[in-house]
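The values are calculated or read from the model by the stated rules, or taken from the named source; none is laboratory data. These figures come from a predicted structure and were not determined experimentally. As a convention, Cβ positions derive from the backbone with ideal geometry for all residues, glycine included, and neighbour counts pool all protein chains shown. SASA here: full protein model, heavy atoms, side chains in, ligands and nucleic acids out. Shrake-Rupley method; radii C 1.70, N 1.55, O 1.52, S 1.80 Å.
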Amino acid sequence: MKALKKIVTIIMILVVGTATLAGCGENQNSSSAATTGKSAAVSTGTAQNTPSGNSAVSSDSSGKVIKQGTIQKDGNVILKELAFVYNGNTIAISDIVDDEKLENILGKAEGNKSHTYSQDDGLNMDPLIGFTEKQYKFKGLDIKTINAAEDKKFFVFQIKITDSKYPTARNIKVGDSVEKLKEAYPEGKFIGGGAAGEEDDFQYLPANYVDGMKFHVKDKKVTSIMMYKLLD
């Protein structure tokens, strides 16, 4: 009888031990699965918080459009397009000049004259009272200057060209065709509509839309070029 009780006790111990081991295994598996799931969640979160690339940054590095007249050149920001070239030298609207500078570039003027605006000169140019205007005449070229700049220095405010030896900054000169003119100045337009065969003015305005340039066209060719700066 005692032997039977001993066998039953041993069997019960084995059953309990087996159950305990099984429970431990399940807990370990559950713990491993939970740990794996937590790791996956952390990995996913890290991936979501990490930028996928620098495309947004690189897109900001695209080049800016440089508008005409925004690049500094020889102290003149806007009007260097309103210029002509002669013997490798450029003279532009708003350039500061004097008798010596013009003579060194263009030679001696055929004629020049000056006028100081006053209240009783009959010209009704009140904003210019006290300023002196100088005009220089060369063959096929007239230049007007006025001492309205700082320190009363003279600057160019009008240029009229009637000779082909004074091309513009874009290499358009008197005698060129309308087709060549339009190609060089696609921003310009005919004031009168530009009907075929009709005499008209082709106007080009730079960035400030105040000062400008007019090409007089007759028989489909440029006959004169006028560059100007409006005086206040």
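Kindly evaluate residue 165 against the criterion of being surrounded by 14 or more Cβ atoms within 10 Å (Cβ to Cβ) and of a type in the set (Lys, Arg). Considered against the rule, which asks whether it is surrounded by 14 or more Cβ atoms within 10 Å (Cβ to Cβ) and of a type in the set (Lys, Arg), residue 165 comes out as yes. Applying the condition of being among the aliphatic types (A, V, I, L, M) and farther than 28 Å from residue 177 by Cβ to region 133-155 and asking which residue is surrounded by the most Cβ atoms within 10 Å (Cβ to Cβ) yields 146. Specify the residue that is surrounded by the fewest Cβ atoms within 10 Å (Cβ to Cβ); the eligible residues are those in region 91-132 that are of a type in the set (D, E, K, R) and in a loop (DSSP other than H, G, I, E, B). So, considering only residues that are of a type in the set (D, E, K, R) and in a loop (DSSP other than H, G, I, E, B), the one surrounded by the fewest Cβ atoms within 10 Å (Cβ to Cβ) is 120.
Is at least one residue of region 172-182 open to solvent by 30 Å² or more (accessible area, probe 1.4 Å), at pLDDT 95 or above and under 20 Å from residue 89 (Cβ atoms)? So far as region 172-182 goes, yes, one or more of its residues are open to solvent by 30 Å² or more (accessible area, probe 1.4 Å), at pLDDT 95 or above and under 20 Å from residue 89 (Cβ atoms). So, residue 186, is that one under 23 Å from the mean Cα position of the chain (by Cα) and open to solvent by less than 20 Å² (accessible area, probe 1.4 Å) or not? For residue 186, the condition - under 23 Å from the mean Cα position of the chain (by Cα) and open to solvent by less than 20 Å² (accessible area, probe 1.4 Å) - is not met.
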